[in-house]
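Enquirer: Before I ask anything, let me first share the structure, which is written out below as structure tokens.
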Amino acid sequence: MDDRTEPLALVADVLACPLCGADVVAVRPSVLCATGHAFDVARQGYASLVVGRAVAGDSAEMIAARDRFLSAGHYDRVSDAVVDAVPSTAGVCVDVGGGTGHHLTRVLDARPGLTGLVIDSSKPALKRAARRHPRAAAVAADAWAALPLRSGSIDVVLSLFAPRNPAETVRVLGTGGLLVVVTPTPRHLAELVAAVGLVRVDERKEERLNRQLADFEAMGSDVLEYRIDLNRADAIDDVLMGPSGHHADADTIAASLASLPDPVAATVSVRVSVFRAKRADS
């Protein structure tokens with residue numbers, strides 16, 4: 001077995017062809033579906049299951065900033081909360097918009113019977129995610145389009161600071177499968193918001209989330225809030241790894257943060273919500 005395709009082989013039975021929906025029958029040397037459609041596997045090990053024009057996703061600079069920031073442990077308590085939400089009996093967990101696979105790796109380390117898959121549109125992120133954990137594969141796909149997954153094949157879907165595709169999530173989750181969502185509250189990183197001009201979180205975000213996920217049963221929701229002390233480099237990375245990184249570079253962000261103390265005390269404030277896919281007859 002080609003080493004780079006071993007993680008893909010672990011999830012081959014949940015993958016579906018993005019062109020025709022047929023089952024995937026091979027992942028070496030390329031991903032091949034039952035009707036003969038073939039898709040490339042990058043040398044780093046991630047498969048490109050993209051149809052039409054690819055969505056660029058986060059840049060290499062944004063991904064490097066995210067990797068540095070998360071590796072420093074600032075969001076470890078968020079990862080721990082996600083781990084607690086994933087049942088030990090789950091078999092396959094998919095992190096949609098999972099970036100570098102940081103949070104999924106923490107889940108896999110705590111759940112030795114679990115197999116993971118990161119879906120993202122950013123090639124720089126997927127290059128890291130594909131090599132992050134021996135039980136985690138990585139696939140390039142558009143989260144807003146049809147997910148390249150078989151219907152009812154997934155036990156847990158993660159949506160962590162990422163866009164959600166409710167209809168596709170319902171489709172790919174098995175009956176009783178779980179969706180774990182992490183969203184920022186209006187207090188999240190409030191200390192940085194004014195200085196950099198970050199987009200403020202809508203006060204009605206939770207209401208909109210519940211409305212968006214009307215086809216799911218709400219299982220629980222808790223706010224996790226704690227303080228982190230960020231040196232100047234960490235503060236820059238925190239801003240750069242988010243949406244602001246699409247239109248501002250590190251130097252511009254550093255100039256915006258110049259008025260803040262070094263280190264700066266920032267608030268991590270997120271809501272961790274768990275939803276269960278409703279039964280077809282409910």
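Enquirer: Once amide H atoms are placed 1.01 Å from N in the peptide plane, what residues at a sequence separation of 5 or more from Asp95, or on another chain, have their amide H within under 5 Å of its amide H?
Expert: Excluding prolines and chain starts, which carry no amide H, the hits are Leu117, Val118, Ile119, Leu158.
Enquirer: So, one more: Assuming R0 = 25 Å, can you tell me the calculated FRET efficiency for the pair Ala72 and Ala195, based on Cβ-Cβ distance, to the nearest 0.05?
Expert: Approximately 0.80, to the nearest 0.05.
Enquirer: Could you check which residue among Ala255, Ala129, Ala64 shows the biggest mean-square fluctuation in a GNM of the chain with a 10 Å Cα cutoff?
Expert: Ala255
Enquirer: For the chain, modelled as a Gaussian network with Cα springs under 10 Å, which listed residue fluctuates most, Met219, Met241, Met62?
Expert: Per the Cα network of the chain with a 10 Å cutoff, Met219 tops the list.
Enquirer: In addition: For the residues Phe275, Phe161, what sequence is obtained by ranking on other C-beta atoms within 10 Å, fewest first? Mind dumping the intermediate values first?
Expert: Numbers: Phe275 26, Phe161 18.
Placing the least packed residue first, the sequence is Phe161, Phe275.
Enquirer: Need the full-extension length gain, Ser30 to Ala214, defined as separation in residues times 0.36 nm minus the C-alpha distance. One decimal, nm.
Expert: 62.5 nm
Enquirer: Based on Cβ point charges of +1 for Lys and Arg and -1 for Asp and Glu, what charge dipole magnitude is obtained for segment 3-277 about its Cα centre, in debye rounded to the nearest 20?
Expert: 500 debye
Enquirer: In vacuo Debye scattering of segment 59-181, one point per C-alpha: log10 I(q)/I(0) at q = 0.11, 0.21 Å⁻¹?
Expert: Reported log10 I(q)/I(0), two decimals: -0.32, -1.24.
Enquirer: Name the residue from His188, Leu108, Asn165 whose Cα lies farthest towards the positive end of the charge dipole of segment 87-243, charges +1 on Cβ of Lys and Arg and -1 on Cβ of Asp and Glu.
Expert: Toward the positive end, the furthest listed residue is Leu108.
Enquirer: Rounded to two decimals, what is the ratio between the C-alpha radius of gyration of segment 3-277 and 2.2 N^0.38 Å?
Expert: Against the empirical 2.2 N^0.38 Å value, I get 1.00 for segment 3-277.
Enquirer: Taking R0 as 25 Å, what FRET efficiency do you get between Thr252 and Ala60 from their Cβ-Cβ distance, rounded to the nearest 0.05?
Expert: E between Thr252 and Ala60, to the nearest 0.05, is 0.90.
Enquirer: If you don't mind, another one. Would you kindly derive the ³J(HN,Hα) couplings of segment 152-160 from the backbone phi angles with the Karplus curve 6.51 cos²θ - 1.76 cosθ + 1.60 (θ = phi - 60°), listing them in order in whole Hz, with x for Gly and Pro?
Expert: These are the phi-based 3J(HN,Hα) values: x, 9, 10, 8, 9, 10, 9, 9, 10 Hz.
Values in this text are rule-based calculations from the coordinates and carry no lab data. Since the structure is predicted, the reported quantities are computational estimates derived from the model, not experimental observations. When we count neighbours, we look across all protein chains shown, and the Cβ atoms used for this are built from the backbone with ideal geometry, even at glycine.
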